Each structure stands twice: as structure tokens, then as C-alpha cells.
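The values are calculated or read from the model by the stated rules, or taken from the named source; none is laboratory data. Bear in mind the structure is a predicted one, so any value in this text is a computation, not a measurement. Quick reminder, even Gly has a Cβ in these numbers, built from the backbone with ideal geometry, and neighbours come from all protein chains shown. Quick note on the areas: whole protein, heavy atoms, side chains included, nothing else; ligands and nucleic acids left out. Shrake-Rupley method; radii C 1.70, N 1.55, O 1.52, S 1.80 Å.
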Amino acid sequence: MSNEKTWKPATQLVHGATMRSQFGETSEAMYLTQGFVYDSSESAEARFKGDEPGFIYSRYANPTVDVFEKRMCALEGAEDARATASGMAAISAALLCSVKAGDHVVAARALFGSCRWVVETLMPKYGIESTLVDGRDMAQWEAAVRPNTKLFFLESPTNPTLEVVDIAAVAKIADGIGARVVVDNVFATPLQQKPLELGAHVVVYSATKHIDGQGRCLGGIILSDKKWIDENLHDFFRHTGPSLSPFNAWTLLKGLETLPLRVKQQTDSALRIADHLAAHPKVSRVIYPGRADHPQAEIIARQMSGGSTLVCFETKGGKPGAFAFQNALEIVRISNNLGDAKSLITHPATTTHKNLTEDARADLGISPGTVRLSVGLEDAGDLIADLDRALSKV
Ligand SMILES: *Cc1c(COP(=O)(O)O)cnc(C)c1O
């Protein structure tokens, strides 16, 4: 459409990149097909040669997946994208396709567990070395740089303690040495933080989280400039097959339509809950990027336009206190997912971060009483009443 480029996100996410079939359906068509047929042998030949536009095989590209990728590009302000079957498929492809044997990666240590495994365990198997740093400390990023450093990788805000990394400052160091910056932007969502505008080169999402937002399917996406995707991801995707299923692409497209409404409501409720918990006698500490007492409030004001839908806090009474609290919740459910319409709570020390040593957890600010709350779409007053009732058991 002619003025699509001027649309605000709420409009883009409902109409962007629409590709109607000859039937003029209202809702996006779901092309559940593996392959495509050709009118003639000549047409098949031309399509394989790249002389004729069109689809060949859904491992390469599929119309429903294509609409999802294009709509995400418009939202992110990216030239091109590749959707994947899960967030980890997106992140591992983005990292592995950025380096080769002999290269060195610097990553912020506060990473989603599987990302840390890719950097610390998988990459070294293929001769790619890595150094983990405290992402908040620019001197550590600088000190970690080696002549063969090709890639910086970070997540901000981080899981679960919602630390923030200054993306523009990291990108400046990377540009100085010609390295690329990959940002896992799951916690901020594409609505509250724009890593490409801050100088990052590649943005990755687990679409499983806010983009679906209703707990239905896994998905992921890598967004960057067209040249990098053509040169680094194109062949990898065709030949290794991390492709997103058209069914899940369709589900994610339905999620995108309501993403701005959901993220706004969940963020408003998260702030209200964080403020309430900060004054609660059974809570020793609250970390929320939307509060003025966040240790990095100044960076947040520069790089985020919202405080996220997650609240991290510490219940008194250590692990027994946290367990008694979680077990007494009636509306909020115990689950390690996030960004869902349902409020979900997790105890990182015994679940998502159980593989770290006690010292490594302490370094990340995870104590035995720490819990991470993903705020859902329920009435905020009901959620506060549920949290209060459960905290009385601590
Ligand atoms: C969930 C998550 C991932 C992994 O995504 P999957 O869709 O579960 O594979 C990666 N990074 C962050 C920050 C996440 O929250």
C-alpha cells in the first residue's frame, strides 16, 4: 500500500505487508503447504535460477511466513528478516552465522540459559572462543576485545534480574573494531526498545513470548540488513532448515495484531504491581525498569520507551519463603514462560538458573528469595490481591 511506510506500529501490526489471495479473505490466509507447483518445466527452471519470482519449497520460504517476516521488518525498522521455529533457532543461527573458526565472541554473562550454552559450550567445539563480561561495565567489554573479536552478544533487560546494558555504548566499542552486535530484545519487545536505532546490527526474538503472547506456539525471528542476511543467513536457512511452520506464522500474525494493546496493559499493570511490592513488608527488594529506583534508570530513560512486563523481586525468608509464597498464589501460575496473557511466576535459583553455581547466581543478583513475575492481562487489582494473600504466607 502506498503510504504504509508512514503507519504507526498499531496500524502496521494489523495491516502491514498484507498479501490477499484471489478470494479476498479478511484474515491472513494460512498456506499449509510444503511445496508449490509450476505451470511448466520452463517455469520451474526459471524459478530455480531466480529469474522468475515465486515460492519453491517451504523450507526456503512460504507465503504466510513471508507476511510475518515483512510485518516484523516494518515494526522493527529492519530491511530483512528470517523467521525460525523457536527463539533458540533464531539466536543460535544469528550467532553461528556471524563467526567462523578462529573468531572470538564477547557476550554479557547475564544471558538466557540456552544462549549461554551456545556461547560457552557449543561455539568452542567449532573453534570459536568466547569471553563473558558484566554487560553493565563498558571497561570489561573493552578489556575483553582481542584482535580476532568479531561479535558482541547481549540481552537487555536481562533475565531474571532486569539489569540493563547500554546498547549504544556497546555498539560504539564494536564499531571501533569492526565487530557486529547481536541483541536479544525479548524482554523489551519491539515496542519498547529499538536496538537497530541504538547501533546494533542484528536483533533476535523468541516470538514464543510477547509476540504470540497467548501461550500457543514457539517461534523466533532474526532481523538485520538485507546484505548481511543474503550473505550470511540465506544459504544456512535453505540447507539446515530451522524454518517456522506456516501454521505457527499465522498464529504469530494474530498475536501481532494485539501486541501493542497487550504490552501496554501488561506494562501498566507491572508498574502498579512493582510500586505496590516496593512498599510491602514481606518483600526485601524490587527491580523494575519502569521505576526511578532502578540502578540504571538513566540508561533506561535513554534507550527504552517502557518498563517491560516483568517484575523481579525478593521475598523475605529465602527459598522456603519464596516457595510458600509461590505455592499460595491462586491466579498467578508457576511457570517459566513469560510475556503471556496469563501472569506467570518463576523461582530462578531452582529452575531456569539451577545449573549455575551459587556464586555465579549471586553475581547475577539471584538470591534464594528471588522470583520473576511476568505480568499478564488479568485485572491488576485482582493480581495485587493474589500477591498480597500469598505474601502473607511468607
Ligand atoms: C525464551 C527466551 C529465549 C528462547 O526462546 P524459545 O522460543 O524458547 O526458543 C531466548 N532468549 C530469551 C531472553 C528468552 O526469554
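Results, tabulated for the structure shown:
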{"read-out": "14 Å beta-carbon shell around Lys5, net charge (K/R +1, D/E -1)", "value": "0"}
{"read-out": "Order of exposure, largest accessible area first, which applies to Arg272, Arg82, Arg285 with probe 1.4 Å", "value": "Arg272, Arg285, Arg82"}
{"read-out": "Solvent-accessible surface (1.4 angstrom probe) belonging to Tyr38, in square angstrom, nearest 10", "value": "60"}
{"read-out": "Within-11-Å neighbourhood charge of Tyr38 [Cβ basis; K, R +1; D, E -1]", "value": "-3"}
{"read-out": "Ile222 - accessible surface, heavy atoms, 1.4 Å probe, Å² rounded to 10", "value": "0"}
{"read-out": "Cα extents of the range 1-149 along the three principal axes, largest first (Å)", "value": "58, 41, 25"}
{"read-out": "Residues with amide H under 5 Å from that of Glu155, placed H, sequence gap 5 or more", "value": "Ala108, Asp184"}
{"read-out": "Cα-based radius of gyration of the range 260-391 once divided by 2.2 N^0.38 Å, which approximates compact folds", "value": "1.00"}
{"read-out": "0 to 90° range, to nearest 10: angle between helix 318-328 axis and the chain longest Cα axis", "value": "70"}
{"read-out": "Distant-in-sequence amide H partners of Ile334 (H built 1.01 Å from N, under 5 Å)", "value": "Ile345"}
{"read-out": "Cα-based equivalent ellipsoid of the range 120-235: semi-axis lengths in Å, sorted from largest, via gyration tensor", "value": "23, 18, 15"}
{"read-out": "Cβ-placed point charges (K, R +1; D, E -1), dipole of the range 165-315 about Cα centre in debye, nearest 20", "value": "340"}
{"read-out": "Mean Cα-pair separation over length for the range 86-209, i.e. relative contact order, pairs under 8 Å, 6 or more apart, %", "value": "27"}
{"read-out": "Alpha-carbon centroids, the range 309-357 and the range 255-290: separation in whole Å", "value": "15"}
{"read-out": "Cα long-axis angle, helix 167-177 against the chain (0 to 90 degrees, to the nearest 10)", "value": "60"}
{"read-out": "For the range 20-150: relative contact order, % (alpha-carbon pairs under 8 angstrom, 6 or more apart)", "value": "17"}
{"read-out": "Sequence of Asp275, Asp39 when ordered by accessible area, the most exposed leading, probe 1.4 angstrom", "value": "Asp39, Asp275"}
{"read-out": "Helix-only mean residue ellipticity at 222 nm for the chain, each DSSP H run of n ≥ 4 adding -39500 (n - 2.57), per residue, nearest 500", "value": "-10500 deg cm²/dmol"}
{"read-out": "Between the range 5-21 and the range 45-88, the alpha-carbon center distance in angstrom", "value": "16"}
{"read-out": "Value of relative contact order over the chain, rounded to a whole percent, pairs C-alpha under 8 Å and six or more apart", "value": "16"}
{"read-out": "Estimated D of the chain in µm² per second, where Rh is the Kirkwood radius over Cα pairs and Stokes-Einstein applies at 10 °C, 1.306 mPa s", "value": "72"}
{"read-out": "Per-residue ³J(HN,Hα) for the range 124-137, Karplus 6.51 cos²θ - 1.76 cosθ + 1.60, θ = phi - 60°, Hz, x for Gly and Pro", "value": "x, 4, 9, x, 10, 8, 9, 10, 9, 10, 6, x, 7, 9"}
{"read-out": "Neighbour cut-off at most 10 other Cβ (10 Å), DSSP loop, trypsin sites (Lys or Arg not before Pro), the range 106-181", "value": "none"}
{"read-out": "Integer Hz, Karplus 6.51/-1.76/1.60 couplings in order for the range 74-83, x for Gly and Pro", "value": "4, 5, 7, x, 10, 6, 8, 7, 10, 8"}
{"read-out": "Candidate lysines - alpha carbon under 26 Å from Lys70, same-chain residues fewer than 8 apart omitted", "value": "Lys5, Lys8, Lys49, Lys194, Lys209, Lys226, Lys227, Lys254, Lys264"}
{"read-out": "Radius 12 Å from Cβ of Asp388, net charge of other residues (Lys, Arg +1; Asp, Glu -1)", "value": "0"}
{"read-out": "Asp340 - accessible surface, heavy atoms, 1.4 Å probe, Å² rounded to 10", "value": "10"}
{"read-out": "Probe 1.4 Å, all protein chains present, accessible-area order of Asp134, Asp225, largest first", "value": "Asp225, Asp134"}
{"read-out": "Angle in degrees between helix 87-96 and the longest Cα principal axis of the chain, rounded to the nearest 10", "value": "70"}
{"read-out": "Integer Hz, Karplus 6.51/-1.76/1.60 couplings in order for the range 224-230, x for Gly and Pro", "value": "6, 7, 4, 4, 5, 5, 4"}
